[in-house]
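Working notes for the structure below.
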Protein chains: 6
Amino acid sequence: MAGRVDEFNEFRARMNQRILETDNKPVKRFFGVDTLTYEPGALDVRTKEMLGLVASMVLRCDDCVSYHVQRCKEEGVSDPELYDIFSVALVVGGSIVIPHMRRAVAFLDELNEKKRQ
Amino acid sequence: MAGRVDEFNEFRARMNQRILETDNKPVKRFFGVDTLTYEPGALDVRTKEMLGLVASMVLRCDDCVSYHVQRCKEEGVSDPELYDIFSVALVVGGSIVIPHMRRAVAFLDELNEKKRQ
Amino acid sequence: MAGRVDEFNEFRARMNQRILETDNKPVKRFFGVDTLTYEPGALDVRTKEMLGLVASMVLRCDDCVSYHVQRCKEEGVSDPELYDIFSVALVVGGSIVIPHMRRAVAFLDELNEKKRQ
Amino acid sequence: MAGRVDEFNEFRARMNQRILETDNKPVKRFFGVDTLTYEPGALDVRTKEMLGLVASMVLRCDDCVSYHVQRCKEEGVSDPELYDIFSVALVVGGSIVIPHMRRAVAFLDELNEKKRQ
Amino acid sequence: MAGRVDEFNEFRARMNQRILETDNKPVKRFFGVDTLTYEPGALDVRTKEMLGLVASMVLRCDDCVSYHVQRCKEEGVSDPELYDIFSVALVVGGSIVIPHMRRAVAFLDELNEKKRQ
Amino acid sequence: MAGRVDEFNEFRARMNQRILETDNKPVKRFFGVDTLTYEPGALDVRTKEMLGLVASMVLRCDDCVSYHVQRCKEEGVSDPELYDIFSVALVVGGSIVIPHMRRAVAFLDELNEKKRQ
């Protein structure tokens, strides 16, 4: 799993750019709405990112989980708070969430390791 | 949809009691963990209920959505905040979330109506 | 199931209007992208509606299925073509699609019955 | 929920017949494979019906759950065994399975009631 | 991702053969129905493959997406048409479809690259 | 795929330990209930593991499938019985289960190979 953070971010950025080069309007607009959704509204960005994380986790999307774990950290969500989010995902979504939680914790450990360096 | 709130709460309470009468240990313990998960931890109850709501919505479980909408209201989540939660569910989970959102809004309207009476 | 078509259309229209009255921007924009997606592009409307139907069916969203069955009929998709769409949904999504197919056929029968009147 | 058992069985039988009247070959063959799957093989019918029940429950298909609960009872699966199946579904699939479990227990209660009469 | 196309096709072919060597009848028959479903019916093969692609994408099955992207190309579906299919999948299935779309586009790019050589 | 069995077991054990080091109570209790669920009850361990396998397969969780295939083998479930479980998963969950079945069979082949050595 070494270097999963950089590899994930590089592939994500490259392919998103590749997708947005096309002239498919609904796809472009969808990406726009996606960005808009996490901007401050009645709820602040931090809460919205936590919502995005738990939603990604119960839907078992590893890449979405990685992205929102990273964003949550940037918004100052602490590790014990992240575990609370994981616990809601686990109870709502069941034991099939566990493998995704294992990968989320490995990803989080790598993020924390990078920060310490 | 008139009276959906009372009907839902009555059926839910009656069947939960019926289930907990059995002596199946894993089922009972699961219900215990489910309750524990929404108690205050690193995150407060209000935030946890919002997490439970968005998770229920992307997994498209009407009864779970009804339950968490009710709990969110009890924890002081405002209607514009609920719509922000709905918007995250909608963008993460796609247009198949819309029918559940329609029923969630109808349920919320009934809850608000009851309060005014 | 008598009158399911009218009841569905009435509730859908009323709640969509109710939702769009709010001033939640991401929700409104999402509804806009949803509409845009089924407008003519590289593929025509008829094909897009067939895609919307099969996607709704494997995701097992009865209301979405009802909506797209109706739209497909308006775009001139024949009943044998609808059954071909159902067959793809059935094979890709498995026997859990069957109850939704039963309701889709009941809905389609009611639509055809209304037309004959 | 009174009469849900009869209503479910009547609608299921009527619509299955309606579907099999069509001449869509893949649909017909799929129904054939579905029947074949639950016939005795390396595993007996009773075990296969238990597998069908837990699979239906984690996929949250109420009609499939009702059908397999009924079949399990016919194959002599006891109520405590059914609760063991429910417990696996609950732990694997999470709290979103609970509303389906409530309806499964209500259905089972009605089945048991009918038997006593 | 270099060589993902060949690796995918090789593993798929080898394991399918391995599975069909067994004498489990329902499994074999299921594979037969799966093949039959995409043969010409009321809808032509091209349309059926597009339906298979969008269904695979909303169900977020990377291997199924790779397979149907390849088949669509063989049936003459153009890249702008593929993007229209992706847009329906994206709107129906939400932002959790995006990582699968990124991988689908990377796979498509590799397919187009191979053709040019 | 060489060595997938050892790699899977090593990562699973290491990350589970890592997760259980935290002091998040709901997560710990959930892991407890998960273990309890597969202990002998009205149904024996062997049957419960078969239920866990089919549930994991229709929910398309490769790691869960690997785990339960291994546990089933330990409980004396034969290969033809495993294929019967796969056939129920395939018919209930549809062709999107096929890629997971291919990986399950590859995993099973590796397990059988290790045993012969």
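List of remarks:
- Distance violations [Cα-Cα > 19 Å] among B:K73/C:K28; D:K48/E:K25; C:K73/C:K115; F:K73/F:K114: B:K73/C:K28
- When D:P80 is represented by a point 7 angstrom out along its Cα-to-C-beta vector, the spacings to that point in the other copies are 3.2, 4.3, 5.7, 5.7, 6.8 nm, nearest first.
- Cysteines in chain E that lack a partner Cβ within the 4.7 Å cut-off: E:C72.
- Pairing chain B with chain C buries about 1700 Å² of accessible area. This figure sums both sides and uses a 1.4 Å probe.
- Cα pair distances in segment B:7-97, grouped into 5 Å bins until the bin that holds the longest one, percent each: 3, 13, 19, 21, 21, 13, 7, 3, 0
- The modelled label-to-label distance for the pair E:K114/C:E75, using points 7 Å beyond Cα in the direction of Cβ, is 3.0 nm.
- Translational diffusion of segment C:57-112, estimated by Stokes-Einstein from the Kirkwood radius over alpha carbon pairs at 4 °C in a medium of 1.567 mPa s, is 117 µm² per second.
- FRET efficiency, F:R4 to D:N9 (Cβ-Cβ, R0 56 Å, nearest 0.05): 0.80
- Rounded to the nearest 10 degrees, the inclination of helix A:45-58 to the longest alpha-carbon principal axis of chain A is 80 degrees.
- Other residues lying with their Cβ under 12 Å from the Cβ of E:G76 contribute a combined charge of -3, Lys and Arg counting +1, Asp and Glu -1.
- Axis-proximal residue, chain A, for the rotation superposing A on C (Cβ, Å): A:V33, 3
- Inter-copy label distances at E:R12 (7 Å, Cα→Cβ; nm, one decimal): 2.8, 2.8, 3.4, 3.6, 4.4
- About the Cα centre, charge dipole magnitude for the protein assembly as shown (Lys/Arg +1, Asp/Glu -1 at Cβ), debye: 0 debye
- Spatial separation of Cα centroids for segment C:1-65 and segment E:74-117, in angstrom: 23 Å
- Against chain D, whose longest principal axis is taken from its Cα atoms, helix D:62-74 shows a tilt of about 80°.
- Against chain D, whose longest principal axis comes from its Cα atoms, helix D:25-37 is set at around 40 degrees.
- Computed over chain C: relative contact order in percent, which uses C-alpha pairs under 8 Å that are six or more apart: 30 percent
- Environment charge of E:V45, counting only residues whose C-beta is closer than 10 Å and scoring Lys/Arg +1, Asp/Glu -1: -2
- The portion of the accessible surface of chain F made up by carbon and sulfur, rounded to a whole percent, is 48 (1.4 Å probe; DNA, RNA and ligands excluded).
- Calculated FRET value between F:D23 and A:D62, using beta carbons and R₀ = 22 Å, to 0.05: 0.30
- Cβ charges +1 (Lys, Arg) and -1 (Asp, Glu), total dipole of chain A, debye: 260 debye
- A loss of 50 Å² or more of accessible area (1.4 Å probe, protein heavy atoms, ligands and nucleic acids excluded) relative to the isolated chain is seen in these residues of segment A:29-76: A:F30, A:V33, A:L36, A:T37, A:A42, A:L43, A:L51, A:L59, A:R60, A:D63.
- Other residues whose C-beta falls under 15 angstrom from the C-beta of A:E10 contribute a net charge of +3, scoring Lys and Arg +1 and Asp and Glu -1.
- Dimensions of the protein assembly as shown from C-alpha coordinates, computed as largest minus smallest value along each principal axis and given longest first, are 60, 58, 56 Å.
The values are calculated or read from the model by the stated rules, or taken from the named source; none is laboratory data. Remember, it's a predicted structure, so these values are computed and weren't measured experimentally. Methodologically, a virtual Cβ is constructed for each residue, glycine included, from the backbone with ideal geometry; neighbour enumeration extends over all protein chains shown. Please note that ligands, DNA and RNA were not included when accessible areas were found on the heavy atoms of the full protein model with its side chains. Shrake-Rupley method; radii C 1.70, N 1.55, O 1.52, S 1.80 Å.
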